[in-house]
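> Attaching a single structure in structure tokens format; questions to follow.
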Amino acid sequence: MENFEYCTPTRILFGKGQIERLGEEIKPYGRKILLCYGGGSIKKIGLYDKIKTQLKDFELYELGGIEPNPKLASVEAGAQICKTHGIEAVLAVGGGSVIDCSKAIAAAALYDGDAWDLITHKAPTLGALPVISVLTLSATGSEYDWGAVISRPETNDKVGYIDPHLFPSLSVLDPEFTFTVSAYQTAAGAADIMNHVIEQFFTSPSSFLADNLCASVLKTVIKYAPAAIKNPRDYEARAQLMWASSLGCNGILSLGSAASGWPCHGIEHALSGHYDITHGVGLAIVTPRWMKHILSKKTLERFVSFGRLVFGIDEQDDRKTAEKAIDATYDFFKSIGIPMTLGEVGIDEKRIGEMAAHIANNEGLDKAYAPLSEKDIEEILKACL
């Protein structure tokens, strides 16, 4: 087992009715609050009104309209509000995009330079305003991790911003707030959760405990995503997915294992950076093609373990076990309604070479568990068409 240091400073309030505690729980963080949210779904489900009631004694400012695949412009707009009004805490209400954007806002609010310099680590993040999140989509795990992903459309960049200052101080997780999430977004969220775990599983050396924790989360998603799609108001299914989301990306599943490089995310960030597609859908398309591409004598043991632990596949021939595990991954994504080719999401071969070069130059995948060259990346993308 590898050495590690671990700390998750985020408090979790999980379950029905926890939003009623928000007003009291947020008091220690300040009276001037920036409320961040997306396209208005929180108003349709009544969550916006609940929050306004909880924060009636606070000085509340708002930044709505935060985009899926949040953009640098939204970060800059939020940071300016914070600086102008002396904001003391940022309240993110939404899914991963809103929370990611809010984290970057919280850091940029305390920085006098260009926010992009923080996001790209050209300047150190020395602090951030407290972030409180209220989750409405089970997918990214941003409610319980130290990362954010921000896009700059002008340069087709989509960058992972990782820093310990970005951990939320408090996250409210009520599965009932995900009852109205569409089947498509539920499926995309499930794919996102699964890929977070897969990225951590495929590494070497790995830990027996970490492998089995990963498998447990993956089997949870495989069991409960179809149930949530079939019956969107199935509380148990929504609850299982929500907690799987939180555990999927906060680091606990990889403790004791080597770093993996997260190649599928590196590839997908270029896809959604260039074409603004749904992140989880892009991951579902890329993942089985990446698996097929890296299957080799070196990686065979990992695929055999994956097949046995996650899908119960145990053929006498190890290669057959590995291939069936890859097929099972593809088939699951397809079974929950995810389009499984780039063509289905409006992407053709025209920019494949450009994206492959961008990924090779910016994502460091030559140092991944199974190193990828520009040629490898181009072949994976072509296999996704």
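> Can you name every residue in region 34-69 that is within 30 Å of Ser272 (Cα to Cα) and assigned to a loop (DSSP other than H, G, I, E, B)?
Matches in region 34-69: Tyr37, Gly38, Gly39, Gly40, Ile45, Gly64, Gly65, Ile66, Glu67, Pro68, Asn69.
> I'm told Gly364 meets every condition in (1) within 21 Å of the chain's Cα centre (by Cα); (2) more than 24 Å from Pro205 (Cα to Cα) except one. Can you identify the failing condition by its number?
(2)
> I'm trying to understand the selection: among the residues of region 349-385, which are touching a Leu at 6+ places or on another chain (Cβ under 6 Å), free of Cβ contacts under 8 Å to residues at least 60 places away in the same chain and in a loop (DSSP other than H, G, I, E, B)?
Once the filter is applied, which keeps residues that are touching a Leu at 6+ places or on another chain (Cβ under 6 Å), free of Cβ contacts under 8 Å to residues at least 60 places away in the same chain and in a loop (DSSP other than H, G, I, E, B), region 349-385 yields only Leu385.
> Tally up the residues in region 53-103 that are more than 22 Å from Gly23 (Cβ to Cβ), touching a residue at least 60 places away in the same chain (Cβ under 8 Å) and hydrophobic (A, V, I, L, M, F, W, C), please.
Of the residues in that region, 3 qualify.
> Has region 4-16 got any residue that is in a helix (DSSP H, G or I), modelled with pLDDT of 95 or more and surrounded by fewer than 14 Cβ atoms within 10 Å (Cβ to Cβ)?
no
> Next up: Which of the following residues is surrounded by 18 or more Cβ atoms within 10 Å (Cβ to Cβ), charged (D, E, K, R) and over 25 Å from Cys7 (Cα atoms): Lys158, Lys230, Lys219, Lys223?
Being surrounded by 18 or more Cβ atoms within 10 Å (Cβ to Cβ), charged (D, E, K, R) and over 25 Å from Cys7 (Cα atoms) holds for just one of Lys158, Lys230, Lys219, Lys223, which is Lys158.
> Among the residues of region 70-82, write down those that are closer than 24 Å to Thr278 by Cβ and either among the hydrophobic types (A, V, I, L, M, F, W, C) or more than 22 Å from the chain's Cα centre (by Cα) (or both).
Within region 70-82, Leu72, Ala73, Val75, Ala77 qualify.
> Which of the residues spanning region 83-106 are over 19 Å from the mean Cα position of the chain (by Cα) and either hydrophobic (A, V, I, L, M, F, W, C) or part of a helix (DSSP H, G or I) (or both)?
Lys83, Thr84, His85, Ile87, Ala89, Val90
> Assess whether Val181 counts as being under 30 Å from Ser296 (Cβ atoms) and modelled with pLDDT of 95 or more.
No, not satisfied.
> Moving on. So which of Lys32, Lys44 ends up being surrounded by 12 or more Cβ atoms within 10 Å (Cβ to Cβ), assigned by TED's automatic domain parsing to the domain that holds Leu118 and not β-branched (Val, Ile, Thr)?
Lys32
> Something else about it: With (1) out of contact with any Gly (no Cβ under 9 Å at 6 or more places or on another chain); (2) at negative phi; (3) of a type in the set (Gly, Ala, Ser) as the list, and Gly346 as the residue in question, which single condition is left unmet?
(2)
> Another question about this same structure. Do the conditions hold for Lys27, that is, is it free of Cβ contacts under 8 Å to residues at least 60 places away in the same chain, assigned to a loop (DSSP other than H, G, I, E, B) and among the charged types (D, E, K, R)?
no
> How about region 363-385: which of its residues are acidic (Asp, Glu), at pLDDT below 95 and touching a Gly at 6+ places or on another chain (Cβ under 8 Å)?
If the condition is that a residue be acidic (Asp, Glu), at pLDDT below 95 and touching a Gly at 6+ places or on another chain (Cβ under 8 Å), then Glu363 is the only one that fits.
> Turning to a different aspect of this structure: With surrounded by fewer than 24 Cβ atoms within 10 Å (Cβ to Cβ) and either not polar (S, T, N, Q) or not assigned by TED's automatic domain parsing to the domain that holds Ile51 (or both) as the only criterion, which of Gly113, Gly78, Gly95 stands out?
Result of the check over Gly113, Gly78, Gly95: Gly113.
> Let me ask another. Among Leu91, Leu22, Leu34, Leu55, which is the only one that is modelled with pLDDT of 95 or more and closer than 24 Å to Gly189 by Cα?
Of the residues listed, the single one that is modelled with pLDDT of 95 or more and closer than 24 Å to Gly189 by Cα is Leu91.
The values are calculated or read from the model by the stated rules, or taken from the named source; none is laboratory data. The structure presented is a predicted model; accordingly, all values stated were derived computationally and were not measured. All Cβ positions, glycine included, derive from the backbone under ideal geometry; neighbour counts span all protein chains shown.
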